[in-house]
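Just so it is clear, none of the values below were taken in a lab; they were calculated from the coordinates. Because the structure is predicted, anything quoted here is derived from the model rather than measured. Because the Cβ atoms are built from the backbone with ideal geometry, glycine has one as well, and the counts that use them run over all protein chains shown.
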Amino acid sequence: MAAALALPNAGEPTLKATAADRIAMAAIVAVALLLLAFLAAPLLAILVQALQDPDGRFVALANFISYARTPALLESLWNSVWVSVVVTLVTVPMAFVFAYALTRSCMRFKAVLRGITLIPLLAPSLLSAISLIYWFGNQGALKGLLTSLGIDEIYGAPGIVVAQIFAVFPHAMMILVTALTASDARLYEAADALGTSPARKFFTITLPGAKYGLISAALVVFTLVITDFGIPKVIGGNFNVLATDVFKLVIGQQDFQRGAVVAVLLLAPAVLTFAVDHLVGRKQTAMLTARAVPYRPQRSARFDALMTLYCVGVAALMLAMLGMAVFASFTSFWPYNLSPSLRHYTMGLFDAGVAEGFVNSLKLATGTAVFGTAIVFVGAYLLEKTQRAPMLRSGVRLLALLPMAVPGLVLGLGYIFFFNEPGNPLNFLYHTMALLTLCTIIHFYTTGHLTAVTALKALDPEFEAVSASLKVPFYKTFWRVTLPLCTPALIDIARYFFVNAMTTISAVVFLYSPETKVASIAILNLDEAGEIGAAAACAVMIAAASTIATLLFWLLARLVERRNSAWKNGT
């Protein structure tokens, strides 16, 4: 660190300080322009389209009124709402019990069971829909079981609900594990001293303490379901929802005005969720104080066995969903010839041109990880560690949090309206890999930004204070001190960007061209062509690539941790 804070040469401090100020200002302006051009402007373009007629004349709320008078579209709205509510009511309690078992029991193999439930994060959401077709479709392995339950077919609402539960379960589980981990053992010790029953402790201590986590998990699940496109597209059948409606209106019917109206409707629950989560978060009180005692679960043979049985059951369902997709991708001809074969992989990779899409996915994921991590971290550093342009920094901070409330489908539609405009100087980006990369970066910007801010807040502000007192430009402190110390966070951000770029569908479904088609879009095309086996093979390939990338990032994180440990120990 001494090298980073070395005194500048005599006669140069004023010049360097001025240059540093200009560089900082230029960097903040560049981040602001990026967020304005690739986030705010596309969202504004959606609103403009929703308030205009096909000839570009302002019609106020006429398009919304016309939508409200269309029974089929209103039915889609109702379908989206009630399906999202059902998935939320089922998923959150399931995830809560699983998280409770991980944090409040002494069952064995916690890491393995938790890792299995995170598998859906490594695969496209529609993998679960493809698996359900093989399990319960018209020629499914357990079609008879479905019929015995009084359900005619898996296509439609039943399939969407079950597939969505599989896809969003890890999101709810991670939130609830965090909520249940933050507990003070002294509260339980006091309850035990008073002879409080386990049930009363659960309802008076555990649930109130996890209230914020439960609300956040419910809001996240509801928003993910109502805005998801892949699962309803694959297994929805004739059951229309908002996400598929907007695709049909814009791509199929070229009805941009009604498409924009549906996009606004899709944006509403996400914004409402963000607002409610913010209000609830402000009222949340700290569960862990400076005097808190970490909670350590006590062994109970009966309770631990019950929790183990439940978690193994959930993990088995997860593995069954993934395993069926893998098995079906290697079958010769389902369900008549189940002998192992690479036919679906060769068909997808060579005959259907998925190989090019898979390469494009790797390019997209790599570009998103590299450039997204750099943009996010530099932007977070400028907001947290510099004091220049306070008004501009406040605006950038607001824009950095906005993508959390914007569904990918809405963002992609906004990119059509904005970048496909002939008069737009950025029109040259349309249908390019660069635009797909930028769209994906913006889509997942907020999580990376919050991760970077958390890492930067953990650093002592004296680094920058000492640098400023010694006239060392901020960018030298950033490069030689801040960046090395925040390397673990950078790896986490890059891994997050890479995996999500490999699996995303809704953010890029409107933007690809034949030359930039990615693997997740190829799955949709294969499914539409009736090549469900090749679609399964493509989904498995994406999951495998995401898993390998996650392991590589994990190894890199271990190497960085070992290096940091040596630095901290002075070795």
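Miscellaneous remarks
- The ranking of His431, His171 from fewest to most other beta carbons within 10 Å of each one's beta carbon is His431, His171.
- Total charge dipole magnitude, the chain, about the Cα centre, Cβ charges on Lys, Arg, Asp, Glu only, Debye to nearest 20: 1960
- Descending semi-axes in Å of the stretch 328-431, equivalent ellipsoid built from Cα gyration tensor: 43, 19, 14
- Every pair of different Cα atoms in the stretch 56-209 enters the Kirkwood calculation, which places the hydrodynamic radius at 19.3 Å.
- Label zone of Val97 (point 7 Å out along Cα→Cβ, amide N under 13 Å): in the stretch 199-228 this covers no residue at all.
- Measuring between their Cα centroids, the stretch 69-87 and the stretch 93-121 lie 32 Å from each other.
- Other residues with beta-carbon under 12 Å from the beta-carbon of Leu383 carry, at +1 per Lys or Arg and -1 per Asp or Glu, a net charge of +4.
- The Stokes-Einstein estimate for the stretch 120-277, based on a Kirkwood radius over Cα pairs and taken at 20 °C with 1.002 mPa s viscosity, is a diffusion coefficient of 116 µm²/s.
- With neighbour counts taken as other beta-carbon atoms within 10 Å, the residues Leu34, Leu224, Leu511 rank, fewest first, as Leu34, Leu224, Leu511.
- Counting charges near Arg108 (Lys, Arg +1; Asp, Glu -1) among other residues having Cβ under 13 Å from its Cβ returns a value of +2.
- Label-zone membership for the stretch 193-230, site Leu272, 7 angstrom Cα→C-beta point, backbone N under 17 Å: 215-228
- Each of Thr227, Tyr212, Gly156 was scored by the projection of its Cα onto the charge dipole of the stretch 152-267, and the greatest displacement toward the positive side belongs to Tyr212; charges sit on the C-beta of Lys, Arg, Asp and Glu.
- Ranked by how many other Cβ atoms sit within 10 Å of their own Cβ, fewest first, the residues Val221, Val177, Val29 fall in the order Val29, Val177, Val221.
- When you filter the trypsin sites (Lys or Arg not before Pro) in the stretch 101-188 for DSSP loop state and at most 10 other Cβ atoms inside 10 Å of their Cβ, you are left with Arg108.
- Equivalent ellipsoid dimensions for the chain as semi-axes, Å, which come from the Cα gyration tensor, largest first: 39, 34, 25
- Spin-label model distance (nm) - Leu149 vs Val90, 7 Å beyond Cα toward Cβ: 0.7
- The GluC sites (Glu not before Pro) of the stretch 489-571 that DSSP puts in a loop, and whose beta carbon has at most 12 other beta carbons within 10 Å, are Glu515.
- For the stretch 489-570, the dipole from Cβ point charges (+1 on Lys and Arg, -1 on Asp and Glu) about the Cα centre works out to 660 debye, to the nearest 20.
- Simple label model, 7 Å out from Cα along Cβ direction - Gln387 to Thr547, nm: 5.2
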